[in-house]
Structures are given as structure tokens and as C-alpha cells.
Amino acid sequence: MKVLVTGGLGYIGSHTCVQMLNAGMEPIIVDNLCNAKIAVLDRIEALTNIRPQFYQGDIRDETFLDDVFSKHAIQSVIHFAGLKAVGESVAKPLEYYDNNVNGSLVLARAMRTAGVKSIIFSSSATVYGDPESVPITESSSVGATTNPYGRSKYMVEGCLTDFYQSQPDWSVTFARYFNPVGAHPSGTMGEDPQGIPNNLMPFIAQVAVGRRDKLSIFGDDYATPDGTGVRDYIHVMDVADGHLVALNRVGQKAGLHIYNLGTGKGSSVIEMLDAFSQACGKPVPYEICPRRPGDIGACWASTEKAEKQLGWKATRSVLEMTADTWHWQSKNPQGY
Ligand code: NAD
Ligand code: UFG
């Protein structure tokens, strides 16, 4: 199966491409390298012995996309490309709406021109906002987003839902990721944030490897067992596998398909820190700081729908998430 993968050299996209190649699928990667390095392509090749077709370009460039579609008999699109830093989105809302919303519209138009009717869109648990209750099911209310990044995801879901209503023979899937972490078990691919990491796991990894002094824990007064924030961390390899299952099970089935990609279990910041210390064999220094504005206390997924309808369940443990992150970070202290 030939699949166009936008953002395929990014963190989740690269792990998904490796799993696709291992399964005999043919990813065709489009990435403008705004948040990825070309070295990722070499790492994908080293792991799979296949160098996937790669086009450097921007999904907002319709002529470029038309050209890529005209060169390959593409059956489906996995749409990872987008900007994802919450804080940056507050400072640069126009750039976020342009890249994430406009980029998705241009992509959908190019797909329509090419007659490609299957898309899996990288959405996020952020569309649920501060949930009324946990676990969060796919029918929990959406839209109470708290920043332009989250709104851009919610807006793309809205645009693609309207588009699907007009084209009911399409397969449109929203994969709502919870907190992807971890790295390829080989230690050759992983998350490589530019600048100061926004997210917990890469920050802990950079403290452990000596690039930063200590972790700031944002709040210990939430209504959670140890007071620190609770999230549903999911191994990036499970997220990758979830895409393959979705492609096979619903990617060619007309409909609007919505799935949470999570483990169904929440872990606190302290629990993640402890698991990481175990993985790297030393304590990771931290200090308790005030809450981060916009953060919620606890959030984890209901995985029932994905289990029932896709027959898919995340299998990797928190210890594997931290061990694989440490393997990657210690082998590549400065990233790619
Ligand atoms: P990433 O930044 O590592 O990957 C995104 C890739 O898209 C990068 O390689 C970047 O260069 C590329 N890109 C961005 N804009 C582009 C454009 N206009 N044209 C072409 N390429 C472009 O991010 P990731 O963590 O791999 O996330 C992938 C997707 O999943 C994103 O849409 C993100 O919003 C979503 N998501 C991520 C998380 C997470 O915690 N990582 C959680 C929920 C949702
Ligand atoms: N945290 C710290 N210190 C840090 C970083 C994070 O204590 O340096 C805490 C946060 O307060 C939170 C938890 O660790 O309690 C997780 O924070 P992350 O920033 O790693 O993840 P978030 O759940 O805040 O957000 C992530 C993505 C968003 C996405 C959301 C839901 O960054 O893009 O998951 O999918 F929208």
C-alpha cells in the first residue's frame, strides 16, 4: 500500500514510517524540515534497509502536492505535518492557523484533485479541553480548547467533518493522541526538540543526560494522588502501530472514524520521574514550581472503542517508555 505521510520525518511520523516499511507498506514522505532533520531519513533506512521516497516541501504548496500525487498511485494519507508547541501557538496564532488549518485544507484539496479519498489526521487529546470526567471517551465533549494550537486541531476536525458530509465515500479518521513518549528500541530514533523542551519526557531526558540542571515540576497541588499532573503516556511505537491498524481496518472504509490513542492509564509527573530514574540508574534532580498556566490536573483515555472496533490496544509499559527514551538520549545526547 502506498501512503503519503506528511510530516514523516518528525517524531511520530518517523516511527510510523519504520513500522510501515517493516509491514511491507510504502510510505511516501513529504516534510518541509521546519522541525525535523534530514538525518532521520538515514536512520529510517538503517533500520529497515529501505530508503523511502522523500519530497522536501510544504503542504501549503498545492502545486507541489499535486506533483507528488501525480507521481505515485497513493491510496491513503497520514497527515502528521503541523506545528505543535502550545506556548509558541499563543505567541504566533496566525502562523499556527496557517500551517495547521490552511495546510490541512490545501492537502484535502490536493487529495480531492488526485482522487485519494482516505486520510488519517493527527489530532490530540487537547480537543477535549479540561475533561468533565475521566477516562475520556471519543464522545466526550470537545471544543473547550485553551490555546491556538488546540483550537487549530479542533478546527481541522471541524473542517474535515464538514468535508466528509459532502463526500461520504471518503474515509476520514481522527487519531486523538494522548501523550506520546519513548523512542525506537534501537536507540537510533527518538524525540529531538529544538530549544528548551516543552514536554515532560524530553525535559527529564535532557536533565538526566546533563544538558539541563533540574526538572521544574509544574504544581503539586492538583487533586491527584501525589498532587502532580496525571497524563496518559503512550509509547510512540504503540502510536505508530495504531496507525497501521487504523489504515488496515478503517482506512479503506467510507466513514468518519474517531479514535483515542492512549493506554487507558494515567501516570503522575512524580511517577514518570521515578520510572525514568530507574531506567537511567540515577536520581533526576527536580524542584516543585507553581502550576503552568492552562494545564489541567488529570487526563487519560478510554481505550474501549479502539479495542472493540480496531482490535487494537497499546502494549508497552511506562518502564519501556522511559528505558527507550534513555537509550535514545544517552546514545544521542545532542539529538540527531
Ligand atoms: P514533529 O514536529 O516532530 O513532526 C511534525 C513534522 O511536520 C516535522 O517533521 C515538521 O518538519 C513537519 N511539518 C510541519 N509543518 C509542515 C508543513 N507546512 N509542510 C510540511 N511539513 C511540515 O511533531 P510530532 O510530535 O511528530 O507530531 C506529529 C503530529 O501529531 C502533529 O500534527 C502534532 O500536532 C500531533 N500531536 C502530537 C502530540 C505529541 O505529543 N507529540 C500529541 C498530540 C498530537
Ligand atoms: N510538566 C512538568 N514539567 C515540565 C513539563 C511538563 O511538570 O517541564 C508536567 C505538566 O505540568 C503536565 C505533565 O508534565 O502535568 C505533562 O506535560 P506535557 O507538556 O508533557 O504534556 P501536556 O499533557 O501538557 O500536553 C501534551 C502535548 C500537547 C497535547 C496534549 C494532549 O504537549 O500538544 O499533550 O495530547 F495537546
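The values are calculated or read from the model by the stated rules, or taken from the named source; none is laboratory data. What you see is a predicted model, and the numbers here were worked out from it, not measured in a lab. Note that we place each Cβ from the backbone using ideal geometry, even for glycine, and neighbour counts take in every protein chain shown. Areas reflect the complete protein model, heavy atoms only, side chains present, ligands, DNA and RNA absent. Shrake-Rupley method; radii C 1.70, N 1.55, O 1.52, S 1.80 Å.
Here is how the numbers come out for the structure above:
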quantity: Share of Cα-Cα pairs in the range 246-322 lying beyond 20 Å, as whole percent; calculated: 52
quantity: For the chain, convex hull volume per residue from C-alpha positions, Å³; calculated: 119
quantity: Mean Cα-pair separation over length for the range 80-198, i.e. relative contact order, pairs under 8 Å, 6 or more apart, %; calculated: 31
quantity: Listed residues Ile258, Ile119 arranged by accessible area, highest first, probe 1.4 Å; calculated: Ile258, Ile119
quantity: Relative contact order (%) - criterion: Cα under 8 Å, at least six apart; region: the chain; calculated: 19
quantity: Whether the range 1-128 is rounded, prolate or oblate, judged on the alpha carbon gyration tensor where a/c under 1.5 counts as rounded; calculated: oblate
quantity: Degrees between helix 318-331 axis and first principal axis of the chain (Cα, 0 to 90, nearest 10); calculated: 90
quantity: Gyration tensor verdict on the range 90-154 (Cα atoms; rounded if a/c is under 1.5, prolate if a/b is larger than b/c, oblate otherwise); calculated: oblate
quantity: Probe 1.4 Å, accessible area per residue of the chain, Å²; calculated: 42
quantity: The chain: angle of helix 11-22 to the longest principal axis, Cα-based, in degrees nearest 10; calculated: 60
quantity: The range 179-328: radius of gyration and largest Cα-Cα distance (Dmax), Å; calculated: 16.4, 51
quantity: Nearest-ten-degree value, helix 236-249 long axis tilted from longest Cα axis of the chain; calculated: 30
quantity: Between the range 215-261 and the range 1-30, the Cα center-to-center distance that results, in Å; calculated: 19
quantity: When each of Lys37/Lys71; Lys37/Lys313; Lys84/Lys265 is checked by Cα-Cα distance, pairs over 26 Å; calculated: Lys37/Lys313
quantity: The chain: calculated mean residue ellipticity at 222 nm from DSSP helix runs of at least 4, using -39500 (n - 2.57); calculated: -11000 deg cm²/dmol
quantity: Under the Debye formula (equal points on every Cα, no solvent term), log10 I(q)/I(0) of the range 202-276 at q = 0.14, 0.16 Å⁻¹; calculated: -0.64, -0.75
quantity: Compactness index (Cα Rg / 2.2 N^0.38 Å), the range 131-184; calculated: 1.36
quantity: Computed accessible area, Thr325, all protein chains, 1.4 angstrom probe, square angstrom; calculated: 10
quantity: Reciprocal of mean inverse Cα separation for the range 129-230 (Kirkwood radius, Å); calculated: 17.2
quantity: Cα-based Rg of the range 53-172 normalised by 2.2 N^0.38 Å, two decimals; calculated: 1.12
quantity: Cut-off under 5 Å, modelled amide H: who pairs with Gly335 long-range; calculated: none
quantity: Sorted peptide list for 191-203, 74-86, criterion being average Cβ within 10 angstrom, highest first; calculated: 74-86, 191-203
